[in-house]
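The values are calculated or read from the model by the stated rules, or taken from the named source; none is laboratory data. Keep in mind it's a predicted model, so treat the numbers as computed, not measured. Note that each Cβ is placed from the backbone with ideal geometry, even for glycine, and that neighbours are counted across all protein chains shown. Side chains are part of the model used for accessible areas, which takes the heavy atoms of the whole protein and leaves out ligands, DNA and RNA. Shrake-Rupley method; radii C 1.70, N 1.55, O 1.52, S 1.80 Å.
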Amino acid sequence: MTDRILIRVATEADVDFLYAMILELADYEDGRAQVSGTPELLRESLFGDAPAGEALIAELDGEPVGVALYYRTFSTWECVPGIWLEDLYVREQFRRGAGDGIGIGEALLRHLAALTVERGYA
């Protein structure tokens, strides 16, 4: 890990970047034709009156390069909420195998794990 990485909570101002990352992930998974959502739907789903999910953004030296999109779940066996990580995506040129091994994906996962513990989730 490095102090060059900043993990932060996404804001409504990040919707265009988040949507671009969703499209990049869809391209990576050969699923672009299956994307039916729009930036407007994403904005409403993450920042509207009843948010259905949340997002983290990874910045490297101030440049956004990765995202984690997640939402709250519920464990009937533990009787407490949890977090479901829907998507984790880091731009290819910033992945460990493509560069200097900075660990952006790992930083996103560690931040999400800490958030889960902080909230008292399973």
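Among Tyr89, Gly37, His111, whose Cα lies farthest out toward the positive end of the dipole of the chain, if unit charges sit on the beta carbon of Lys, Arg (+1) and Asp, Glu (-1)? Selected residue: His111. Ranking Ser75, Ser36, Ser45 from most to least accessible surface, computed with a 1.4 Å probe over the protein chains only, gives Ser36, Ser45, Ser75. Apolar share of the accessible surface for the chain: 52 percent from carbon plus sulfur atoms, 1.4 Å probe. Heavy-atom accessible surface of the chain, averaged per residue, reaches 61 Å², computed with a 1.4 Å probe.
With the convex hull drawn around the C-alpha atoms of the chain, the volume per residue stands at 125 Å³.
Here region 3-87 is treated with +1 on each Lys and Arg Cβ and -1 on each Asp and Glu Cβ, and its dipole about the Cα centre works out to around 220 debye.
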